[in-house]
Amino acid sequence: MPNQNNKSALTTLVTVFFFWGFIAASNSVFIPFCKTYFEIDQFQSQLVDFAFYGAYFIGALLLFIISSSIKKDIINSWGYKKGIIYGLLLSAIGAFLMFPATFGAEQGQTQVFYYILIAFFIVGLGFSLQQTTANPFAIALGNPETGSHRLNLAGGINSFGTTIGPIVVSFILFGAAVDGEQLTAMIQNNEIKLTTIQALYIGVGVLFLLAAALFHFSKKLPALKAETAFEPANKARNLLIVLTVIIVACFGYIFSTYSGEVIATEGLEKTRLIILFVALFAVIATVTVANTSASKKAEGWGAMKYPQLVLGMLAIFTYVGVEVTIGSNLGELLKQVTDKAANLNPLGLKVLNDAEIAPFISLYWGGLMIGRWVGAITVFNPSKGVKKALLIIVPYVAFAVILLVNKVNYSTNQILFFSFCIAIQIIGFFVAKDNPVKSLKIFAFLGVLAMLIGLFTTGNIALFAFLSGGLFCSIMWPCIFTLSIAGLGKYTSQGSAFLIMMILGGAIIPPLQGKLADVFNIQSSYWMAVLCFAYLLFYAFRAKSVLDKQGVEY
């Protein structure tokens with residue numbers, strides 16, 4: 001059993017998990033506000049995700065490159081304790097930088113937006129380091145047999161953070177909700193200032209410092225290290241570096257076209273879209289090259305010689321991408337005016353302002369909390385009868401928490417719509433029976449179906465089809481992770497690091513969908529989500545085939 005210091009560290013660690021979710025989900029409110037405040041297009045607004053999730057990839061890749069150069073795992077050299085501390089300090093620096101980045105900012109100052117992106121990137125770098133060490137650290141803070149209990153506790157707290165983050169940030173930015181015209185006028189008259197976000201990030205930075213201090217001054221807390229040796233993979237490293245150069249070049253070119261002298265034309269917009277697809281195809285090509293080359297000669301590829309891992313990297317990429325992009329583009333879907341006379345958005349519903357969209361963004365991220373709470377039931381080994389009851393009760397208890405956090409804020413019809421979506425998710429859990437392949441097949445298929453319904457319908461049916469994406473994404477991470485590292489043996493740790501890098505999907509896919517919205521329209525841009533869920537469905541079938549061929553249990 002862990003001693004008191006370990007319990008304190010676990011409490012702190014769980015709090016940090018909360019803020020990961022809090023900040024990531026609150027971006028979905030911050031993004032549409034930035035679009036209005038800085039007078040930027042949908043692609044530019046999605047650069048918040050590009051900076052935040054791109055930092056995960058860069059951070060994980062840098063750790064891998066450094067470890068390759070010194071021929072030992074740098075995290076293992078530091079120990080989990082120091083790794084967490086360094087990550088917290090780095091995120092604190094990013095949070096504090098939000099103050100000078102937004103100091104004196106006024107409506108329409110696009111340059112300030114790019115300073116904010118730098119701050120988000122540094123926060124994300126810290127998160128990358130924290131997440132690389134946090135999961136094994138939580139397992140090591142006590143009996144390994146109960147490690148999964150601690151991880152599920154942390155995951156549940158993380159999801160609670162994603163649920164309340166949009167509400168808190170919305171209140172800080174806008175205060176009490178006002179009608180659409182009044183809010184727009186307040187932003188345009190500079191009555192609502194971006195500097196109101198400074199207090200939030202100073203507070204978050206202080207909490208990161210306090211958490212780091214607790215870890216540092218807990219003298220009896222062991223450093224804790226992994227026992228596995230570092231496995232080199234020079235070919236994999238070099239390929240990932242090439243991918244980084246291509247992505248930087250693609251986005252660098254697009255950034256250059258947003259200078260003040262360049263006039264946006266239809267042709268330029270299409271060129272930007274093509275370049276974004278080049279970045280996406282670079283990721284797909286990386287996976288394809290690794291899979292093909294490693295199958296011919298495994299030397300130098302490390303964990304990438306396993307097809308389930310390489311295909312799983314693309315699955316994590318698309319999973320994170322679709323999870324983030326649905327929520328990040330949701331604000332624009334609800335606030336865009338397509339019928340001025342009737343004040344309707346693309347879904348044929350009443351246009352919402354920046355403050356009014358927060359409950360729906362909270363509901364989307366709350367859907368992930370519902371699924372993760374349900375996914376944690378099995379950990380406690382209830383009897384079959386109790387488990388069946390919990391599979392029905394827990395989702396609606398979690399939904400009640402979401403309603404409580406949002407002070408309801410939804411119509412009776414909307415509550416019924418989401419209750420129906422939850423019922424579909426519950427049926428999916430019953431059919432899947434905790435099998436990762438079945439779970440991924442069922443929920444990826446439901447994701448495809450939901451996005452298609454959202455594309456081809458209007459009103460609350462379309463809205464809640466898109467919102468249900470959170471429910472269906474909720475349990476995909478553990479399913480993909482389990483299948484991807486199955487049978488990797490001594491390469492399991494390295495394979496896990498490669499999967500963390502593919503959080504890159506949250507940096508590439510939302511801006512791509514944003515540019516699709518700029519070139520076409522916001523509702524049709526959700527074809528991007530359809531394609532992501534479709535690949536996840538393919539991966540479920542392909543992973544089963546590969547693992548069965550290898551004779552690997554999963």
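The values are calculated or read from the model by the stated rules, or taken from the named source; none is laboratory data. It should be emphasised that the depicted structure is a prediction, and the values quoted were computed from it without experimental measurement. Heads up, the Cβs are rebuilt from the backbone with ideal geometry, glycines too, and the neighbour counts pull from every protein chain shown. All accessible areas refer to the heavy atoms of the entire protein, side chains included, with ligands and DNA or RNA removed. Shrake-Rupley method; radii C 1.70, N 1.55, O 1.52, S 1.80 Å.
For the reader, a short list of remarks on this structure follows.
- Qualifying residue in the range 419-436 (condition: surrounded by 14 or more Cβ atoms within 10 Å (Cβ to Cβ) and of a type in the set (Lys, Arg)): no
- Some residue of the range 314-323 being open to solvent by less than 10 Å² (accessible area, probe 1.4 Å), closer than 30 Å to Phe18 by Cα and outside any helix (DSSP H, G or I): no
- Flag for Ser496 being among the polar types (S, T, N, Q), open to solvent by 10 Å² or more (accessible area, probe 1.4 Å) and in a helix (DSSP H, G or I): yes
- Qualifying residue in the range 68-87 (condition: among the aliphatic types (A, V, I, L, M), over 18 Å from Gly205 (Cβ atoms) and either crowded, with 19+ Cβ neighbours inside 10 Å or under 22 Å from the mean Cα position of the chain (by Cα) (or both)): yes
- Selection within the range 352-376 - farther than 18 Å from Asn413 by Cβ and open to solvent by 20 Å² or more (accessible area, probe 1.4 Å): Arg372, Trp373, Gly375
- Test: residue in the range 504-517 that is in contact with a helix residue (DSSP H, G or I) (Cβ under 6 Å, 6 or more places away or on another chain) and outside any helix (DSSP H, G or I): no
- The test for being on the phi < 0 side of the Ramachandran plot and in contact with a Lys or Arg (Cβ under 7 Å, 6 or more places away or on another chain) does not hold for Leu280.
- Taken over the range 188-206, the criterion of being in contact with a helix residue (DSSP H, G or I) (Cβ under 7 Å, 6 or more places away or on another chain) and open to solvent by less than 50 Å² (accessible area, probe 1.4 Å) is satisfied by Ile192, Leu194, Thr195, Ile197, Gln198, Leu200, Tyr201, Val204, Gly205.
- Search result, residues across the range 510-544 that are among the β-branched types (Val, Ile, Thr) and open to solvent by 10 Å² or more (accessible area, probe 1.4 Å): Val519, Val530
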